[in-house]
Amino acid sequence: MTSINAMRLNFHSGLMLCDEARYWNPEWMIFYTPEKIRTVLRPDIVEEQGIFLFMGQTGTSSIGDEFIDRTEKAIAARYDAEKKSLGRTPDAFVGLRELAETAFDVITDLKRLHVDDFLRGRFGFTTEAFVRGACKGEDGATRAIDDQDTLKEVLKYVTFEGMPEEVKGIFGNSQVLAGYDPQGGTRIFYMTERMPVCEEVQEIFLAQGSGRDTCDLQFSHFADTRTVRERRGDVDRVEGLVALLKGLDCAFRLTAGVEGYPKIIYWNADAEPGSQILEISDMRSKLAAEIVAAGREGFLHDDDVHELAGALVFEGRPFEAVNDDLFRRSRRGAETILKFLRGWPASAWKSR
Amino acid sequence: MALVNLLRFSKTSGGIVADEGFWNIFFRRRNHGDNLHRLLTDEMASAWNMEVVLGTVGYPSVHQELLGETRADMASRHAKGEKPEGVREVARVVFEALQRAVRRRIDQKLRFWFGFESADLHRGYYEKNGEKIPLGNETVKEAARAQAKGSKRDRLLTSVFDARAAVFGFDPLYGVTAFYLSPENAICGYVHEGFDCIGTGKYASGLSLGLDFNAKTMMMRKAGYPPAEGVYELLRSSVLGVDHFKETAGTLHLALLDADAEPGRRYREIFDERARLAGEVVRASMGEMLERETAVALLEKIVFQEAPLDQAEGEMFDQASDALALQFLLRGYKKKEAPLCARRVREARDGQGT
């Protein structure tokens with residue numbers, strides 16, 4: 001129940017966008033607590049190597065959080081080991097493909113740990129014993145695992161064949177990895193434990209989570225209307241941002257579990273060090289979402305949507321100035337747009 | 001799924017609230033649910049000195065079915081010069097329609113699969129073209145029994161069993177009463193304590209009402225609520241449910257009962273913009289930007305005196321501790337960030353001399 005999205009703008013830059021809602025417990029209480037997209041690189045690696053990598057995750061929150069935290073630690077450990085063996089900072093650490101594979105290894109290990117926990121609880125043995133065809137009992141004696149019904153059932157849990165309910169929480173996660181390395185540029189990777197896969201995405205965008213289908217409609221339209229040259233690395237950052245926000249706006253309205261403030265991540269390796277990464281998840285990202293929603297309902301001209309969103313997110317124009325401009329430029333007056341932004345029924349703002 | 005909360009204010013008055021949210025297949029969110037339905041016409045209400053409203057959560061098609069059946073039943077009684085004994089009897093009519101709605105779907109499925117219905121399962125055979133065909137296959141009987149008992153459910157039957165309803169009304173004999181209806185537990189239960197919360201938001205709503213009830217003595221609880229205060233508590237419980245649980249959203253619908261009012265004012269519905277403003281007043285109070293007493297006084301004007309909306313809205317902002325912060329709160333900005341947003345906007349405007 002999530003919307004996590006990524007877009008490649010050009011070789012040096014890209015965008016990611018997500019919501020912040022989580023459903024908690026079987027009653028599905030709503031919490032705005034997850035940070036669904038996070039960096040998985042320690043600051044010194046970013047600084048020394050000029051690499052950026054962000055991981056977005058959807059599915060069971062606790063498992064996804066563990067994936068991200070452990071991936072960060074695994075990459076850091078790999079970097080430290082290389083640094084130690086060289087006795088200096090590596091000239092070029094591994095690229096995004098290798099880092100994505102590292103993340104996938106972490107996910108594989110964790111998934112197998114959780115599946116083993118489940119098998120041990122239900123059958124008293126692990127995947128390894130299942131593969132070997134025998135397990136040790138409490139008395140230390142080896143016992144064969146050869147009952148046909150047991151074998152069939154365990155195979156389903158291990159491979160997720162038929163999506164058994166009992167292990168859905170373990171296999172139900174997906175990840176979006178996106179970032180930049182100096183050799184390969186900005187790239188996007190897709191992972192899911194259902195299949196399982198770790199694939200680089202050829203398109204300029206990727207949408208995952210329950211918001212995927214509504215976001216896909218917006219993003220596909222956006223990509224369809226770019227030229228080949230643009231798609232290969234010349235997408236305007238403001239246009240990309242607005243396209244992503246339009247997709248999320250649609251998910252906010254139509255898709256369960258997509259709620260709260262958006263979080264926007266933008267990276268640009270061409271920018272000055274220290275300003276290469278922007279992360280916005282406060283009143284500014286909320287205002288950016290409002291600008292796009294206002295554009296959708298005709299309160300703002302398209303040009304105004306782009307100008308205001310771009311100034312707010314990329315140019316550091318103050319929140320208060322953009323907020324006032326939103327009301328000033330409303331084509332149906334400040335009072336009417338205020339009713340719209342407060343969620344009033346359309347009768348309060350459509351007819352005027 | 002949605003949320004329905006009801007509260008008896010006194011022996012003769014009360015309110016019921018529903019939201020507009022529901023999901024359909026693949027978690028597509030919809031905010032146009034219509035979950036409060038008056039069951040009597042003006043004529044019946046006047047002739048029987050009763051009012052009854054149905055609140056529904058869950059599978060809309062089931063509710064549409066029982067709504068149609070109940071209204072037809074009431075119309076038939078009215079045409080024959082008969083009347084239900086009270087809210088209880090209307091609730092029974094709704095409940096039996098609800099159970100029929102469940103059975104009809106189960107029988108439909110059995111017919112579709114095997115060519116017989118639940119009743120045939122109990123007698124062990126079915127008839128086709130005059131021929132008696134025994135149910136001799138144990139596998140078929142076992143599968144059919146699982147369906148008939150509801151122990152094995154597909155998505156449709158799960159939704160059907162998950163449907164819930166509340167019947168709320170007043171009659172000359174018992175005053176304001178309510179009934180809780182569940183096909184899952186086959187129950188049409190009398191709501192003695194004067195409140196109920198059903199649907200996905202029930203835990204937040206129940207907690208909200210519980211905070212008020214549990215702070216009062218028995219005598220205080222029996223004294224009930226002045227209507228505007230009752231509406232405040234109802235809306236507060238509903239806003240909490242909508243904000244914190246799945247499948248709840250949109251503008252809150254409110255229906256009010258008042259047996260002491262003039263005919264024509266005994267049942268009133270507050271929808272759309274007026275309901276939105278009433279909800280905002282409560283939200284402002286919950287956001288600590290409007291005193292509770294002020295909010296209740298505003299609800300009196302909005303809900304009971306039907307004050308012009310512009311005027312009431314103006315009063316809400318005039319009486320707020322920080323009107324600009326309240327605007328941000330109502331736009332969906334976080335409660336702890338809204339004052340900061342307002343301060344920044346104010347400082348910028350002051351700096352520009354505007």
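The values are calculated or read from the model by the stated rules, or taken from the named source; none is laboratory data. Everything numeric here is computed off the predicted structure, so don't read it as measured data. Reconstructed Cβ throughout: ideal geometry from the backbone, glycine too, with neighbour counts over all protein chains shown.
Restricting to the stretch B:41-61, give me the number of residues that are assigned to a helix (DSSP H, G or I) and crowded, with 24+ Cβ neighbours inside 10 Å. Total meeting the criteria: 0.
The set of residues in the stretch B:329-354 that are buried (at least 16 other Cβ atoms within 10 Å of the Cβ), more than 8 Å from every other protein chain (Cβ to nearest Cβ) and either under 21 Å from residue B:250 (Cβ atoms) or among the acidic types (Asp, Glu) (or both) contains only B:329. Before we move on, is residue B:276 modelled with pLDDT of 95 or more, within 19 Å of the chain's Cα centre (by Cα) and more than 25 Å from residue B:177 (Cα to Cα)? Answer is yes for this residue. The single condition among (1) surrounded by fewer than 17 Cβ atoms within 10 Å (Cβ to Cβ); (2) more than 23 Å from residue A:60 (Cβ to Cβ) that residue A:194 does not meet is (2). Among the residues making up the stretch B:11-21, those that are within 14 Å of another protein chain (Cβ to nearest Cβ) and either within 25 Å of residue B:194 (Cβ to Cβ) or of a type in the set (Asp, Glu) (or both) are B:19, B:20. If you go through the stretch A:259-276 and keep only what is modelled with pLDDT of 95 or more, under 16 Å from the mean Cα position of the chain (by Cα) and not hydroxyl-bearing (Ser, Thr, Tyr), you end up with A:260, A:262, A:263, A:264, A:265, A:267. Candidates in the stretch B:234-250 are the residues that are among the small types (Gly, Ala, Ser) and facing chain A (nearest Cβ under 10 Å); of these, the one that is farthest from residue B:299 (Cα to Cα) is B:249. Residues satisfying the criterion are absent from the stretch A:271-288 (criterion: out of contact with any Lys or Arg (no Cβ under 6 Å at 6 or more places or on another chain), surrounded by fewer than 20 Cβ atoms within 10 Å (Cβ to Cβ), farther than 25 Å from residue A:36 by Cβ and not assigned by TED's automatic domain parsing to the domain that holds residue A:205). I'd like to know if the stretch A:14-24 contains one or more residues that are free of Cβ contacts under 8 Å to residues at least 60 places away in the same chain, away from chain B (no Cβ under 13 Å) and more than 20 Å from residue A:100 (Cα to Cα). The answer is no, given that none of the residues of the stretch A:14-24 is free of Cβ contacts under 8 Å to residues at least 60 places away in the same chain, away from chain B (no Cβ under 13 Å) and more than 20 Å from residue A:100 (Cα to Cα). Residue count for the stretch A:250-283 satisfying the condition of being without any contact (Cβ under 8 Å) to a residue 60 or more places away in the chain and within 13 Å of chain B (Cβ to nearest Cβ): 5. Screening residue B:81 against (1) part of a helix (DSSP H, G or I); (2) at pLDDT 95 or above; (3) among the small types (Gly, Ala, Ser) leaves a single unmet condition, (1).
Of all residues in the stretch B:293-328, those satisfying the criterion of being surrounded by 14 or more Cβ atoms within 10 Å (Cβ to Cβ) and of a type in the set (D, E, K, R) are B:300, B:301, B:313, B:315, B:322.
In the stretch B:251-275, of all residues being surrounded by fewer than 21 Cβ atoms within 10 Å (Cβ to Cβ) and part of a loop (DSSP other than H, G, I, E, B), the one that is nearest to the other protein chains (Cβ to nearest Cβ) corresponds to B:271. Specify the residue that is farthest from residue B:240 (Cα to Cα); the eligible residues are those in the stretch A:25-46 that are charged (D, E, K, R) and either touching a residue at least 24 places away in the same chain (Cβ under 8 Å) or more than 14 Å from chain B (Cβ to nearest Cβ) (or both). It comes out as A:44. Considering only residues that are among the charged types (D, E, K, R) and modelled with pLDDT of 95 or more, which ones fall in the stretch B:31-66? Scanning the stretch B:31-66 gives B:38, B:42, B:43, B:51. The single residue among A:92, A:81 that is part of a helix (DSSP H, G or I) and over 22 Å from residue A:208 (Cα atoms) turns out to be A:81.
Determine if the stretch A:154-176 includes at least one residue that is modelled with pLDDT under 95, in contact with a Cys (Cβ under 8 Å, 6 or more places away or on another chain) and surrounded by fewer than 16 Cβ atoms within 10 Å (Cβ to Cβ). The answer is no; no qualifying residue exists.
So, residue A:329, is that one over 26 Å from residue A:32 (Cβ atoms), more than 12 Å from chain B (Cβ to nearest Cβ) and either crowded, with 19+ Cβ neighbours inside 10 Å or of a type in the set (Phe, Trp, Tyr) (or both) or not? When the stated conditions are applied, residue A:329 passes them.
Answer with yes or no whether residue B:93 is assigned by TED's automatic domain parsing to the domain that holds residue B:196, β-branched (Val, Ile, Thr), more than 28 Å from residue B:265 (Cβ to Cβ) and in a helix (DSSP H, G or I). Against the criterion (assigned by TED's automatic domain parsing to the domain that holds residue B:196, β-branched (Val, Ile, Thr), more than 28 Å from residue B:265 (Cβ to Cβ) and in a helix (DSSP H, G or I)), residue B:93 does not qualify.
Within the stretch B:190-201, if we keep just the residues that are assigned to a loop (DSSP other than H, G, I, E, B) and touching a residue at least 60 places away in the same chain (Cβ under 8 Å), the residue that is nearest to the other protein chains (Cβ to nearest Cβ) turns out to be B:200.
Considering the stretch A:116-234, the qualifying strands (runs of 3 or more DSSP E), each wholly inside and each with 1 or more residues that are at negative phi and free of Cβ contacts under 8 Å to residues at least 12 places away in the same chain, run over A:134-136, A:142-144, A:197-200. Cβ-Cβ distances below 6 Å connect the following pairs, each with a first residue in the stretch B:327-354 that is touching a residue at least 40 places away in the same chain (Cβ under 8 Å), a second residue that is assigned to a loop (DSSP other than H, G, I, E, B), and a separation of six or more residues or different chains: B:329/B:287; B:330/A:342; B:335/B:287. When every residue of the stretch A:1-8 is checked against the conditions, none turns out to be assigned by TED's automatic domain parsing to the domain that holds residue A:241 and either surrounded by fewer than 16 Cβ atoms within 10 Å (Cβ to Cβ) or acidic (Asp, Glu) (or both). From the list A:260, A:184, the lone residue that is small (Gly, Ala, Ser), under 22 Å from residue A:67 (Cβ atoms) and outside the structural domain of residue A:311 (by TED's automatic domain parsing) is A:260.
Of all residues in the stretch A:293-320, those that are touching a Leu at 6+ places or on another chain (Cβ under 9 Å), within 10 Å of chain B (Cβ to nearest Cβ) and assigned to a helix (DSSP H, G or I) total 1. No other residue among A:66, A:35, A:72 is under 21 Å from residue A:189 (Cβ atoms), modelled with pLDDT of 95 or more and among the acidic types (Asp, Glu) apart from A:72.
One residue is enough: does the stretch B:202-224 have a residue meeting the conditions over 30 Å from residue B:293 (Cα atoms) and not in a helix (DSSP H, G or I)? No, the stretch B:202-224 contains no residue that is over 30 Å from residue B:293 (Cα atoms) and not in a helix (DSSP H, G or I).
For the stretch B:22-55, the set of residues classified as among the charged types (D, E, K, R) and within 14 Å of chain A (Cβ to nearest Cβ) consists of B:28, B:29, B:30, B:34, listed by residue number.
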